[in-house]
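*Asks:* The structure's right below; bear with me while I get my questions together.
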Amino acid sequence: MDGWTNAARSHLAADLDPRGSIFGQSTLLTGGHRLEMLASEHLNGGIVMNACDTATALTRADASCLLSSHHAAIGRYLKSLMPTEVAVLHKAGLKLWLIFEEGEPVSTPYFSAAQGKSDARRAVIQAQGLDIPHGKPIFFVVDYAPAPSDETAILDYFQGVASEMASHPSPYGVGVYGTYTVMWWLWNDSRFNNEIRYWQTEGNGSCGWVFPFNDLYQVNNMCNAHPVKSCGVSIDADYVLNTEVLW
């Protein structure tokens, strides 16, 4: 897929209301209609493939089993991803996306511009040697349901990430993992020029609310934030909506 053009993003964004305690009334999806609407109306032209993310280092047997279980792509954490595992996953026919999470990005005190710069430097170091194609994003994590008062700290954090990435210059793009609210905060901040890649979780209070420009969407076991098991591996299920974030 070519992904969203800025014109398409702006056209759809004009129809949505990114204000209020829960944003965007036209993206509220409920009950059995959620996944059908997810595919047909809101998410980047529809679901491209089923996927999952995991903190577990995967073996050849794991990769083969996950692929046969209809997971065509895997999100893996940089801190535990080795070139040998990348080779195993690609040989099995799986695509990858990359996640950076260290420390505890689970409350406001974690987030600042300085922390964003530090995390970006760590992510670049960890990504080196993995033969990641130019421009592929690294997703940085906001792993809780932030209050409105947290907006400034989280935006400053991502500004720190983006500025550090630009200063290298880094060959990698910037992605955000978080709630529906977090997606809109970054979308509406002109400092990012719509260059962020978006991975919304269905958990942390986002259940039933779908950001319209997601590249990835974490299903969270039908709004249950606890991981599930597939092939004996602890995973969260995801939908890929834009294959440009994969490699």
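The values are calculated or read from the model by the stated rules, or taken from the named source; none is laboratory data. Computed from a predicted structure; not experimentally measured. All Cβ positions, glycine included, derive from the backbone under ideal geometry; neighbour counts span all protein chains shown.
*Asks:* Taking the criterion of being out of contact with any Gly (no Cβ under 8 Å at 6 or more places or on another chain), at pLDDT below 95, small (Gly, Ala, Ser) and under 20 Å from Cys207 (Cα atoms), would at least one residue in the stretch 34-47 satisfy it?
*Replies:* Within the stretch 34-47, one or more residues are out of contact with any Gly (no Cβ under 8 Å at 6 or more places or on another chain), at pLDDT below 95, small (Gly, Ala, Ser) and under 20 Å from Cys207 (Cα atoms).
*Asks:* With the structure loaded, tell me whether Gly103 is surrounded by fewer than 17 Cβ atoms within 10 Å (Cβ to Cβ) and farther than 20 Å from Thr54 by Cα or whether it fails that test. Give the steps one after another, and end with the answer.
*Replies:* Numbers: surrounded by fewer than 17 Cβ atoms within 10 Å (Cβ to Cβ): yes; farther than 20 Å from Thr54 by Cα: no.
No: the conditions fail for Gly103.
*Asks:* Anything in the stretch 110-145 that is β-branched (Val, Ile, Thr), part of a helix (DSSP H, G or I) and crowded, with 18+ Cβ neighbours inside 10 Å? List them, or say none.
*Replies:* Val124
*Asks:* Additional query: Scan the stretch 162-190 for residues that are in a loop (DSSP other than H, G, I, E, B), crowded, with 21+ Cβ neighbours inside 10 Å and touching a helix residue (DSSP H, G or I) at 6+ places or on another chain (Cβ under 7 Å) and report the count.
*Replies:* The qualifying residues number 1.
*Asks:* For a quick check of your reading of the model, give me the residue pairs whose first member lies in the stretch 78-100 and is closer than 14 Å to Ser68 by Cα, whose second is surrounded by fewer than 18 Cβ atoms within 10 Å (Cβ to Cβ), with beta-carbon atoms closer than 6 Å and at least 6 apart or on different chains.
*Replies:* So the pair list comes out as Ala92/Ser64; Ala92/Leu67; Gly93/Leu67; Leu94/Leu67.
*Asks:* If we scan the stretch 78-100, do we find a residue that is at negative phi, part of a helix (DSSP H, G or I) and of a type in the set (Asp, Glu)?
*Replies:* To start, the set of residues in the stretch 78-100 that are at negative phi comprises 78-92, 94-100.
Now narrow it down to the ones that are part of a helix (DSSP H, G or I): 78-80, 83-92.
Cutting the leftovers down to of a type in the set (Asp, Glu) gives us 85.
The answer is yes; a qualifying residue exists.
*Asks:* Considering each of Asn194, Asn221 in turn, give the residue that is part of a helix (DSSP H, G or I) and at pLDDT below 90.
*Replies:* From the options Asn194, Asn221, the qualifying one is Asn221.
*Asks:* Could you tell me which numbered condition Val161 fails, if it satisfies all but one of (1) modelled with pLDDT under 95; (2) within 18 Å of Ser107 (Cα to Cα); (3) not small (Gly, Ala, Ser)?
*Replies:* Going through the list (1) modelled with pLDDT under 95; (2) within 18 Å of Ser107 (Cα to Cα); (3) not small (Gly, Ala, Ser), Val161 breaks only (1).
*Asks:* Scan the stretch 60-90 residue by residue and report those that are under 24 Å from Arg121 (Cα atoms) and surrounded by fewer than 17 Cβ atoms within 10 Å (Cβ to Cβ). Give the derivation first.
*Replies:* The first filter runs over the stretch 60-90 and keeps only residues under 24 Å from Arg121 (Cα atoms), leaving 74-86.
Listed by number, the residues that qualify are Lys79, Ser80, Met82, Pro83, Thr84.
*Asks:* Of all residues in the stretch 146-155, how many are crowded, with 16+ Cβ neighbours inside 10 Å and not hydrophobic (A, V, I, L, M, F, W, C)? Before the answer, list the steps.
*Replies:* Our first condition is that a residue be crowded, with 16+ Cβ neighbours inside 10 Å; within the stretch 146-155, this holds for 146, 150-151, 153-155.
Filter again for not hydrophobic (A, V, I, L, M, F, W, C), leaving 146, 150-151.
So the count comes out to 3.
*Asks:* Looking at Val142, Val174, Val182, Val124, which one is at negative phi, among the hydrophobic types (A, V, I, L, M, F, W, C) and modelled with pLDDT under 95?
*Replies:* Numbers: Val142 fails: modelled with pLDDT under 95; Val174 fails: modelled with pLDDT under 95; Val182 fails: modelled with pLDDT under 95.
That would be Val124, the only listed residue that is at negative phi, among the hydrophobic types (A, V, I, L, M, F, W, C) and modelled with pLDDT under 95.
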